[in-house]
Amino acid sequence: PHKFFGYRRESIDDLPVLIADEAKAIVDSLDQLRYAGGITEVAKALRTASDMIDLPTLISYANRMEDKSLGSRLGYLLELLGQPAEGIQCSESPVRLDPTRPPQGSARNRWRIIPNVPETELFPTGVA
């Protein structure tokens, strides 16, 4: 129940539906990477949406999810995109950027992220 927020009601063919706002869609994707196509798809979506997402809302939503690994991943990705990430709650222990891949290297950043996905894969050139 604590994760059910950030939605709006709309009608599609006279049927009521709930649709996540952009910030909630990103946070939900980080929460359930397997349903979102993995960390690379979430990173691309975040880059595409970074101009239209309200960052304070995104950060607030991430903190409301009560998952510090999610916060670490979001903070790391935002900083790679040159976006401010102040106020995000992050993990106190190392977190793999992609939890489905083996760890490679060590967590040498403030987000305690083990960057086991190359930046070129997260943000391919020519992909908006």
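The values are calculated or read from the model by the stated rules, or taken from the named source; none is laboratory data. Everything quoted here is computed from the prediction, not taken from an experiment. Cβ placement follows ideal geometry from the backbone for every residue including glycine, while neighbour counts extend to all protein chains displayed. Heavy atoms of the whole protein, side chains included, go into the accessibility calculation; ligands, DNA and RNA do not. Shrake-Rupley method; radii C 1.70, N 1.55, O 1.52, S 1.80 Å.
Which residues, taken from segment 29-38, are open to solvent by less than 40 Å² (accessible area, probe 1.4 Å) and among the charged types (D, E, K, R)? Outline the logic, then answer.
As a first pass, look at segment 29-38 and keep what is open to solvent by less than 40 Å² (accessible area, probe 1.4 Å): 29-31, 33, 36, 38.
Selection gives 31 alone.
I'd like the full set of residues that are open to solvent by 40 Å² or more (accessible area, probe 1.4 Å) and polar (S, T, N, Q), limited to segment 49-63. Talk me through it step by step, then tell me what you get.
First, the residues of segment 49-63 that are open to solvent by 40 Å² or more (accessible area, probe 1.4 Å): 51-52, 54, 56-57, 60.
Answer for segment 49-63, where residues must be open to solvent by 40 Å² or more (accessible area, probe 1.4 Å) and polar (S, T, N, Q): 57, 60.
So if I check each of 79, 66, 41, which one is open to solvent by 70 Å² or more (accessible area, probe 1.4 Å) and assigned to a loop (DSSP other than H, G, I, E, B)?
Numbers: 79 fails: assigned to a loop (DSSP other than H, G, I, E, B); 41 fails: assigned to a loop (DSSP other than H, G, I, E, B).
Exactly one of 79, 66, 41 is open to solvent by 70 Å² or more (accessible area, probe 1.4 Å) and assigned to a loop (DSSP other than H, G, I, E, B), namely 66.
Condition first: at pLDDT 95 or above, under 21 Å from residue 45 (Cα atoms) and of a type in the set (D, E, K, R). Can you find one or more residues in segment 86-96 that meet it?
Yes, the conditions are met somewhere in segment 86-96.
When you go through 91, 72 one by one, which is the residue that is in contact with a Gly (Cβ under 8 Å, 6 or more places away or on another chain), under 16 Å from residue 115 (Cβ atoms) and hydroxyl-bearing (Ser, Thr, Tyr)? Give the steps one after another, and end with the answer.
Values: 72 fails: in contact with a Gly (Cβ under 8 Å, 6 or more places away or on another chain).
Answer to the selection: 91.
Checking the condition under 23 Å from residue 5 (Cα atoms) and within 12 Å of the chain's Cα centre (by Cα), which residue from 64, 34, 47 passes? If you could, list the steps in order and put the result at the bottom.
Numbers: 64 fails: within 12 Å of the chain's Cα centre (by Cα); 34 fails: within 12 Å of the chain's Cα centre (by Cα).
None of the other options fit; the residue is 47.
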